[in-house]
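The values are calculated or read from the model by the stated rules, or taken from the named source; none is laboratory data. Keep in mind that what you see is a predicted model, and the values were worked out from it rather than measured. All Cβ positions, even for glycine, are placed from backbone atoms using ideal geometry, and neighbour counts span all protein chains on display. Ligands, DNA and RNA are excluded from the accessible area calculation, which covers all protein heavy atoms including side chains. Shrake-Rupley method; radii C 1.70, N 1.55, O 1.52, S 1.80 Å.
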Amino acid sequence: MQRKTYALIDGDQICKNVKNIIKNYPDYRYYFGVVKNNSYHHGIKTVIDMERGGINYFAVSSLEEALETRKYTKKPILCLEVIPIEFIDDVINNDITITIDSLNYVKELINGDIYDKLKVHLAIDSGMRRLGFWESKSLKEAYLLLKDEKNIIIEGVYSHFATSGVMDPYYEKQVEVFLDITKSIPLKSIPIVHMGRSLSLVNHPKLSFCNGVRLGIVMYGFSQSREVDNSLKGKIRGMKMRQLQKKYGIKDVTLQNDLDVLPAMKLYTSVMSERKVSAGDVVGYCTKKVEEDGYILTLPIGYADGVDVRFKNVSINGKLYPILADCMDMLMVFTKDYIEVGTEVEVFGDNISIKDVCRNLKINAYHLFQMISSRILKVHVSKGEKEEIRY
Ligand SMILES: Cc1ncc(COP(=O)(O)O)c(C=O)c1O
């Protein structure tokens, strides 16, 4: 590693997270590991850790992602976006499950040559207005056409929740709409029915007609527990949430869960250069004045890597130091202490949590992970083995 900047990906923690999720929510038959966008930027190799933890189906965005995922697992892979018909041969050759989104797509599909078994999941638009059937009638027509095809296996039906449904009425509304649209097909005879994602899993009781759940952010260490504990802040939060629950008539919501999951990504860099500065000196692109005498440490990480001044601090030997300026590839940090070139610097990890960074940036963990650029080397650690990977 020449540029001493890397994301440490703890595969064993991901495996542990998955085991804990399944232990706490054991009543599903299918646990989908959502590994879109390179496993939420943790690297697709984490598929191996998820499988060790008990994931028995994977979900990706595109055929390209499905083919990358296939390198690491023999488990089934569902593509959540619609794959253009001209790529169906690649789908069949690599045993990828496709999403069916409309009657037109079904007609195109059955006009083609489906020369071998093809598993399909029917997507239902229960309220997100993104993908899927929104009418019972066209769903029934599609179902009947597919059922008559000897190589097509209608393996699943699914939908996606737009919100957590904890502070709004949309969760229950979407469940109602899903059941209404699917009443035209024999839902009970379809092997896999899945609606939930991380938030719905931890906030709501299991839906009796679902035997699958899609796990995303929770596998990567975020259980969305809301800390409605006995602290003043917790009590106020709990009160507000219960008021909203009452307002929207929401039943059976879990505000605080005890799921024991931890983040699996830590981000490190190192001191590349160090110089003395005096009060009044200007740093970077003349963005910030130094207020007292000290040192500027230059780090090989910048906004092209997804890290900028809004991160506010870095941690060195357990102590926080302010980021004064950012450039495309470098950050400048102020210290009163002399710190040697080569010293390791934590951007987030044990001393600065991902939650702290998200708070500073006013974003959530989903967005933070996507900000961390693929230029950053990943060091994947799993079962005592360490591998440097570039994706
Ligand atoms: C269709 C679908 N299912 C599941 C997920 C996983 O969501 P989460 O990370 O909230 O569990 C996503 C994420 O984008 C998704 O698009």
Excluding residues fewer than 8 places away in the same chain, name every one of the lysines whose C-alpha is closer than 19 Å to that of LYS336. LYS276, LYS288, LYS289, LYS312, LYS319
Give me the dipole magnitude in Debye, nearest 20, for region 1-85 about the Cα centre, with unit charges on the beta carbon: positive for Lys and Arg, negative for Asp and Glu. 260
Report the full-extension gain for the segment MET371 to SER61: residue separation times 0.36 nm, less the Cα-Cα distance, to one decimal in nm. 109.8 nm
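Per 0.36 nm of contour for each residue apart, how much would the distance between LYS336 and GLU385 grow if the chain were fully extended, relative to their Cα-Cα spacing?
13.8 nm
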To make sure I understand the rule: partners must be lysines, Cα under 18 Å from the Cα of LYS233, and not fewer than 8 residues away in the same chain. Which ones qualify? LYS355
Once ASN93 and LEU145 are pulled to full extension, the length gained, defined as 0.36 nm per residue separation minus their Cα-Cα distance, is 16.4 nm
Roll a 1.4 Å probe over the protein chains and send me the accessible area per residue for the chain in Å². 48
Point-to-point label distance, GLU292-ASP27, nm (Cα→Cβ direction, 7 Å offset): 5.8
Please report the antiparallel percentage of the DSSP beta bridges confined to the chain, to the nearest 5. 50
If R0 = 41 Å, then SER189 and ARG242, at their Cβ-Cβ distance, give a FRET efficiency to the nearest 0.05 of 0.55
Positive-end residue, region 11-248 charge dipole about Cα centroid, Cβ charges, pick of HIS41, MET241, GLY221: MET241
For the chain, the accessible surface attributable to carbon and sulfur atoms (probe 1.4 angstrom, ligands and nucleic acids excluded) amounts in percent to 50
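What's the FRET efficiency of GLU86 with LEU179 using the Cβ-Cβ distance as r and R₀ = 25 Å, to the nearest 0.05?
0.10
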LEU361 and LYS319 label points (each 7 Å along its Cα→Cβ direction) are spaced in nm at 2.7
Based on Cβ point charges of +1 for Lys and Arg and -1 for Asp and Glu, what charge dipole magnitude is obtained for the chain about its Cα centre, in debye rounded to the nearest 20? 1260
Treating only Lys and Arg (+1) and Asp and Glu (-1) as charged, each at its beta carbon, one finds that region 265-389 has a dipole about its Cα centre, in Debye to the nearest 20, of 440
Expressed in angstrom and rounded, the centroid-to-centroid distance over alpha carbons for region 107-135 and region 310-338 is 50
With the 8 Å Cα cutoff and a minimum separation of six or more residues, the chain has a relative contact order in percent of 17
